[in-house]
Amino acid sequence: SDFLARFQREAKAAAKFRHPNAIEIYEYGDGSDTGGLVYMAFEFVHGRELREVIREHGSIEPARAIRILARVLAALERAHAQGIIHRDLKPQNVMIEDQGGEDGVKILDFGIAKIKSAEGGGQALT
């Protein structure tokens with residue numbers, strides 16, 4: 001099916017992608033060995049959505065916002081270098097983890113990511 005083909009492309013690309021500021025996919029299954037159950041197992045991120053942090057504080061001090069944004073951009077830069085474009089970056093897809101007073105950052109949901117082909121075009125993953 002189209003869904004299964006898209007899922008396999010997404011899972012394969014996302015599972016290869018590694019960056020400290022992007023959620024990691026540990027395992028995925030296309031249903032062939034699980035009786036039709038399609039799944040992805042992600043790392044558990046203990047934190048809060050950036051949206052919640054903004055709602056709670058009303059705003060984020062500029063130095064903290066720059067640190068968070070730098071981590072988001074580092075992950076996106078690596079993804080783009082591998083031909084993966086997120087396409088749904090928003091505060092709900094950025095998790096903030098407290099790492100001893102520092103903000104850990106994880107980008108979530110590469111679910112509508114797009115993989116760029118060598119010719120510069122691309123195909124959506126969902």
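Odds and ends about this structure:
- Rounded to the nearest 20 debye, dipole of the chain from Cβ charges on Lys, Arg, Asp, Glu: 420
- Per-residue ellipticity at 222 nm, computed for the chain from helices alone with -39500 (n - 2.57) per DSSP H run of at least four residues, works out to -11000 deg cm²/dmol.
- The string of couplings for segment 29-40 from the Karplus curve (6.51, -1.76, 1.60, θ = phi - 60°) is x, 9, x, 5, 10, 10, x, x, 7, 9, 8, 9 Hz, one whole number per residue in order, with x for Gly and Pro.
- Per DSSP, loop GluC sites (Glu not before Pro) in segment 1-86 with at most 12 further Cβ within 10 Å: E43
- Of the accessible area of the chain, computed with a 1.4 Å probe over protein heavy atoms only, carbon and sulfur atoms account for 52 percent.
- q = 0.14, 0.18, 0.33 Å⁻¹: log10 I(q)/I(0) that the Debye formula gives for segment 11-58, counting C-alpha atoms only: -0.52, -0.69, -1.14
- Annotation note: chymotrypsin sites (Phe, Trp or Tyr not before Pro) in segment 8-47 located in DSSP loop regions with a Cβ neighbour count of at most 15 within 10 Å are F44.
- Less than 5 angstrom separates the built amide H of I84 from those of K116, all sequence-distant by 5 or more or on a different chain.
- Rolling a 1.4 Å probe over the protein heavy atoms gives segment 23-94 an accessible area of 64 Å² per residue.
- Solvent-free Debye calculation, one equal scatterer per alpha-carbon of segment 1-110: log10 I(q)/I(0) at 0.24 Å⁻¹ equals -1.35.
The values are calculated or read from the model by the stated rules, or taken from the named source; none is laboratory data. Owing to the predicted nature of the structure, the values given are computational and were not obtained by experimental measurement. Neighbour counts run over all protein chains shown; Cβ positions are idealised from the backbone, glycine included. For the accessible areas, the whole protein counts, side chains as well, though only heavy atoms, and no ligand, DNA or RNA atoms are used. Shrake-Rupley method; radii C 1.70, N 1.55, O 1.52, S 1.80 Å.
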